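Participant: Can you read through this structure? Questions will come right after.
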Amino acid sequence: MTTTEKPRIVAPSVHVRAIATWLTIFPLVAIGMTVMGGFTGEWHPVLRALLLTAIVVPLAVYLIVPRMLGFYMKRIANR
């Protein structure tokens, strides 16, 4: 009898995840602040931060960071 071993999947290090998260969050916040400046200029800063984070965090967590890490893992696997 032979046993088939599943390939071992190694998660990216915490440092790689931190860099991927920062590379995602920084541009989204910069773009978001620029776009929102026109219609939220008079708002209290806490409300502006609330709106910005309500948009940026889901985009980063569910869409962009997983894709960046997937791209990173593919590049590492092809070495």
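Participant: Got a sec? Charge dipole of the chain, +1 on Cβ for Lys and Arg, -1 for Asp and Glu; which of LEU50, GLY70, LEU28 is way out at the positive end?
Facilitator: The residue sitting farthest along the positive end of the dipole is GLY70.
Participant: Please give the net charge around THR24, taking every other residue with its beta carbon less than 15 angstrom from that of THR24, where Lys and Arg add +1 and Asp and Glu add -1.
Facilitator: Values: positive: ARG17, ARG67; negative: none.
That works out to +2.
Participant: With charges set only on the Cβ (+1 for Lys and Arg, -1 for Asp and Glu), what does the dipole of the chain come to about its Cα centre, in debye to the nearest 20? Don't skip to the end; give the middle numbers.
Facilitator: Details: 8 positive and 2 negative charges, 92 e Å.
With Lys and Arg at +1 and Asp and Glu at -1, about 440 debye.
Participant: Remind me, relative contact order of the chain in percent, using alpha carbon pairs under 8 angstrom and six or more residues apart?
Facilitator: On the way: 21 pairs, mean separation 36.1, N = 79.
RCO, the chain: 46 percent.
Participant: Per-residue HN-Hα couplings for the stretch 67-74, Karplus 6.51 cos²θ - 1.76 cosθ + 1.60 at θ = phi - 60°, whole Hz, x for Gly and Pro?
Facilitator: Result, rounded to whole Hz: 5, 5, 5, x, 4, 4, 5, 5.
Participant: With a ≥ b ≥ c taken as the square roots of the eigenvalues of the C-alpha gyration tensor of the chain, please select rounded if a/c is under 1.5 and otherwise prolate if a/b is larger than b/c or oblate if it is not? Intermediate results must be reported in sequence, preceding the final value.
Facilitator: Values: a/c = 4.28, a/b = 3.31, b/c = 1.29.
Judged from the Cα gyration tensor, the chain comes out prolate (a/c at least 1.5, a/b above b/c).
Bear in mind these aren't lab numbers, they're just calculated from the coordinates by the rules spelled out. Predicted model, so just to flag it, every value in this text is computed and none were measured. FYI the Cβ positions are ideal-geometry reconstructions off the backbone, even for glycines, and counts take in every protein chain you see.
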